[in-house]
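Heads up: the structure comes next, in structure tokens.
The values are calculated or read from the model by the stated rules, or taken from the named source; none is laboratory data. The structure displayed is predicted, hence computed values, not measured ones. Note that each Cβ is placed from the backbone with ideal geometry, even for glycine, and that neighbours are counted across all protein chains shown. In case anyone asks, the SASA skips ligands and DNA or RNA and just uses the protein heavy atoms, side chains included. Shrake-Rupley method; radii C 1.70, N 1.55, O 1.52, S 1.80 Å.
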Amino acid sequence: IPTSSSQINEGYKSNEINQTPPLPHISKMTENNQFAWLGLLKWSLAYTDGTKPSDESMAPMSQEKRDFLEAVMRDGIIDEVQRMKEIVEQLRVGLSPKVESETVDTKESERPDEDNMYDLLMELRDIVEQIDYAHTFAKVGGVPFLLGCATEGSGQANDKDEGEGSPAQNLDVVPSKIREGCLSVLATISQNNPPVQSEIVSMGAIETLLDAYVSPPPADAAAVITYRCQIIRCLSCIVRGQKVGEDCLVNSEKGRAVLLSALTSPGGDLASTLRSRASFLVRALATSDDATFERIRQLRPQLEAMVGYVITNWDDGNAIPFNLQIQETSLETLMEVLRQKKDAHAVLLYRERLAGAGVARIAKLNQLHGDELELASTELELWESLILE
């Protein structure tokens, strides 16, 4: 049995298999592209159909086949960094007529439309889900583009003194769908990525996003709620697990006001998503390993809003609908604040009301059966634990 590379090569020569072009070097393929094996698959299918022994199908390779193999390997390798640059450039071309006074020298037919730009953003989001590409995108200056595009025209939506034809009449130059796409990519880049989180926080992104929440670009009520939902999610991804970011948000009077506004936002299902995302963020801030007595003290109004939510009698008819996810998140937050004892007084102030509401809610949940009881099992356990705590 041949064991050395020279012996193996001699074996190849003896069987005249060397007439077939050598396979691409695997180590080089993996270094250049983890999906280069797709090119190898195309090569195999092109030269072997599986219906006869491979030694019978082997023949000297023609120049045409060599050219085909080279094209397959070349086309099978995608430079993700280059692709990110291409996407940003296409977005710039598509948005330039909207946000710049000077037009870009591009034919109108070559400009990507709103749907195409959104698809490009989703492709970019898929690329930066890989943490290395997220780092690269941040290093090449992609974050300011996303942040600027997402907040274009914000902070001026409430200007009342502008007349017809003034700049304020044309503030919504970036389509809402594109703003949301940019915020989605920004959230993906930031989430669980401390180096990128630090960079984004250092460039003042938190304050910019808070301003955009307070004064969003002109839009109808539903679009504004959706926009604010995306901002809260983006803020959550930027600050969670990053002490400087968490402190920056909580220490900001505007930041705390935005959290309280989102937690208590009136409305139906659309606003319910906003309340849910805000409750998740408040829970992360209040139960973080970096949470201090001072932080819990600053978050008392938000914790009181959570108390108000869980003690609500939903049978009386309310302006906002019941949401099981918000209910569970609020109960988890209150229980964890009690356990950490960093400022349990923020919850103990409402101990009697919580106990009364908990007893009534437990009695109601215990009357459920089957799937309804199973669905309510987590809330039931949380109420029991909170009362015992």
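Scan region 150-175 residue by residue and report those that are modelled with pLDDT under 90, open to solvent by less than 70 Å² (accessible area, probe 1.4 Å) and in a helix (DSSP H, G or I). Across region 150-175, the qualifying residue is only A168. Only one entry in Y133, Y227 is modelled with pLDDT of 90 or more, open to solvent by 50 Å² or more (accessible area, probe 1.4 Å) and either in a helix (DSSP H, G or I) or of a type outside the set (K, R) (or both), namely Y133. Among the numbered conditions (1) in contact with a Lys or Arg (Cβ under 7 Å, 6 or more places away or on another chain); (2) surrounded by fewer than 20 Cβ atoms within 10 Å (Cβ to Cβ), the only one that P216 does not meet is (2). Given the structure, is R295 more than 27 Å from L373 (Cα to Cα) and open to solvent by less than 10 Å² (accessible area, probe 1.4 Å)? The answer is yes for R295.
When region 89-111 is filtered for residues that are modelled with pLDDT of 85 or more and either touching a Leu at 6+ places or on another chain (Cβ under 8 Å) or not aliphatic (A, V, I, L, M) (or both), the ones remaining, listed by number, are E89, Q90, L91, R92, G94.
In region 245-298, which helices (runs of 4 or more DSSP H) lie fully inside it and hold 3 or more residues that are closer than 16 Å to I206 by Cβ? Per the criteria, 253-263, 269-287. Each residue in region 59-88 was checked for being of a type outside the set (A, V, I, L, M, F, W, C), open to solvent by less than 90 Å² (accessible area, probe 1.4 Å) and at pLDDT 75 or above, and 5 of them qualify. The set of residues in region 324-358 being open to solvent by 30 Å² or more (accessible area, probe 1.4 Å) and either at pLDDT 95 or above or in contact with a Ser or Thr (Cβ under 6 Å, 6 or more places away or on another chain) (or both) consists of Q325, E328, E332, E336.
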